[in-house]
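Student: Quick one: structure below, then a few questions.
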């Protein structure tokens with residue numbers, strides 16, 4: 001097996017799977033803005049760069065295929081990682097890509113890319129009660145879709161609780177730091193036992209106590225899983241990977257979507273309106289908001305068993 005990625009994602013894969021060979025892919029270099037409303041226009045300006053990155057990805061993959069290094073591909077939202085000579089699967093929860101008043105255009109562009117793959121695996125359940133909503137469910141599409149259920153590296157364990165609140169930070173700068181500063185200010189005067197994971201792979205993996213808050217730079221899977229299980233409630237962004245992790249572990253949560261990130265805003269609003277998880281805008285968050293968690297149903301009940309033997313038969317030519 002060969003793992004391919006770039007930047008911090010590649011660094012994480014190397015730490016999690018040191019026994020596996022890796023390859024560095026061309027970076028997309030997507031960053032956010034301090035003013036969330038400008039994100040869409042920044043991404044539109046980066047479209048030429050995204051196209052160049054896709055072309056560079058195709059060249060890397062073509063070489064690997066020509067040299068017989070790989071016989072199949074599972075691409076996790078890497079747009080240019082496919083090759084017509086070998087089975088290629090695109091994995092995404094974004095059959096529709098939300099971008100404000102350009103959502104139709106961005107969705108059509110994404111679907112055009114997905115059609116170049118042999119199959120599309122959506123990590124969600126197929127029914128009307130699901131996690132991704134209109135992002136991962138498009139009844140009008142003719143894409144080769146299979147719903148494989150939520151994916152997570154985490155497992156629920158009944159262990160003694162150590163923290164009242166765990167803050168999980170993630171995502172590009174500067175919004176990651178802005179939320180970190182806000183949460184540190186709020187909980188530095190709280191009576192709750194609080195832990196905060198910065199999600200900064202570039203820093204050494206250590207923990208410190210700052211104003212009564214236990215702060216970790218980052219944690220690898222096993223340690224993070226333990227910390228989540230040791231915590232009563234989770235505060236995090238409403239990114240889809242985090243949602244799947246918390247659903248798998250059935251953890252009470254409160255979401256703060258990244259400003260300007262249409263998908264996170266949609267997912268947070270969807271889960272809030274369905275009475276599953278409460279949320280609010282970043283600037284409106286306060287410790288008092290956590291009292292709402294007990295009024296919501298929570299993220300349990302979204303697991304699904306998929307026949308992975310059938311899924312992977314694609315790579316065996318069956």
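Student: Quick check on my filter: what residues within the range 88-108 are farther than 30 Å from residue 70 by Cα and touching a strand residue (DSSP E or B) at 6+ places or on another chain (Cβ under 7 Å)?
Tutor: So the first thing to find is which residues in the range 88-108 are farther than 30 Å from residue 70 by Cα, and the list is 98-106.
Scanning the range 88-108 gives a single hit, 106.
Student: Right, another one. Within the range 233-258, track down each residue that is surrounded by fewer than 21 Cβ atoms within 10 Å (Cβ to Cβ), more than 15 Å from the chain's Cα centre (by Cα) and touching a residue at least 60 places away in the same chain (Cβ under 8 Å).
Tutor: 233, 249, 250
Student: Kindly indicate the residue of the range 163-183 that is on the phi < 0 side of the Ramachandran plot, in contact with a helix residue (DSSP H, G or I) (Cβ under 9 Å, 6 or more places away or on another chain) and assigned to a loop (DSSP other than H, G, I, E, B) and also modelled with the lowest pLDDT among those meeting that condition.
Tutor: 170
Student: Has the range 138-157 got any residue that is over 25 Å from residue 54 (Cα atoms), assigned to a loop (DSSP other than H, G, I, E, B) and touching a strand residue (DSSP E or B) at 6+ places or on another chain (Cβ under 8 Å)? Spell out how you get there, then give the answer.
Tutor: Going residue by residue through the range 138-157, those that are over 25 Å from residue 54 (Cα atoms) are 139-140, 147-157.
With assigned to a loop (DSSP other than H, G, I, E, B) added as a condition, the list becomes 139-140, 148-157.
Filter again for touching a strand residue (DSSP E or B) at 6+ places or on another chain (Cβ under 8 Å), leaving 148.
Taking every residue of the range 138-157 in turn, at least one turns out to be over 25 Å from residue 54 (Cα atoms), assigned to a loop (DSSP other than H, G, I, E, B) and touching a strand residue (DSSP E or B) at 6+ places or on another chain (Cβ under 8 Å).
Student: Further, regarding this structure: Which fully enclosed helices (runs of 4 or more DSSP H) of the range 208-318 have 3 or more residues being touching a strand residue (DSSP E or B) at 6+ places or on another chain (Cβ under 9 Å)?
Tutor: Numbers: elements: 221-229, 240-249, 262-273, 308-312.
Result: 221-229, 240-249, 262-273.
Student: Here is a further query. Of the residues 131, 143, which is buried (at least 20 other Cβ atoms within 10 Å of the Cβ), in contact (Cβ under 8 Å) with a residue 40 or more places away in the chain and not assigned by TED's automatic domain parsing to the domain that holds residue 241? Give the steps one after another, and end with the answer.
Tutor: Numbers: 143 fails: buried (at least 20 other Cβ atoms within 10 Å of the Cβ).
Step by step, each of 131, 143 is checked, and only 131 is buried (at least 20 other Cβ atoms within 10 Å of the Cβ), in contact (Cβ under 8 Å) with a residue 40 or more places away in the chain and not assigned by TED's automatic domain parsing to the domain that holds residue 241.
Student: When you scan the range 79-95, do you find a residue that is outside any loop (DSSP other than H, G, I, E, B), more than 16 Å from residue 241 (Cβ to Cβ) and under 17 Å from the mean Cα position of the chain (by Cα), even just one? Before the answer, list the steps.
Tutor: Initially, the range 79-95 is screened for residues outside any loop (DSSP other than H, G, I, E, B), giving 88-91.
Add one more test, that the residue is more than 16 Å from residue 241 (Cβ to Cβ), and what stays is 88-90.
Applying the additional criterion that residues be under 17 Å from the mean Cα position of the chain (by Cα) yields 90.
Taking every residue of the range 79-95 in turn, at least one turns out to be outside any loop (DSSP other than H, G, I, E, B), more than 16 Å from residue 241 (Cβ to Cβ) and under 17 Å from the mean Cα position of the chain (by Cα).
Student: Something else about it: Looking only at residues in the range 298-307 that are at pLDDT 80 or above and surrounded by 12 or more Cβ atoms within 10 Å (Cβ to Cβ), which one is nearest to residue 126 (Cα to Cα)? Give the steps one after another, and end with the answer.
Tutor: Applying the first criterion (at pLDDT 80 or above) to the range 298-307 yields 298-302.
When the remaining residues are screened for being surrounded by 12 or more Cβ atoms within 10 Å (Cβ to Cβ), the result is 298-300, 302.
Values: 298: 19, 299: 16, 300: 16, 302: 10 Å.
Across the range 298-307, the extreme among qualifying residues is 302.
The values are calculated or read from the model by the stated rules, or taken from the named source; none is laboratory data. Just so you know, these numbers come straight off a predicted model, no measurement behind them. Here Cβ is always computed from backbone atoms with ideal geometry, including for glycine, and neighbour counts include all displayed protein chains.
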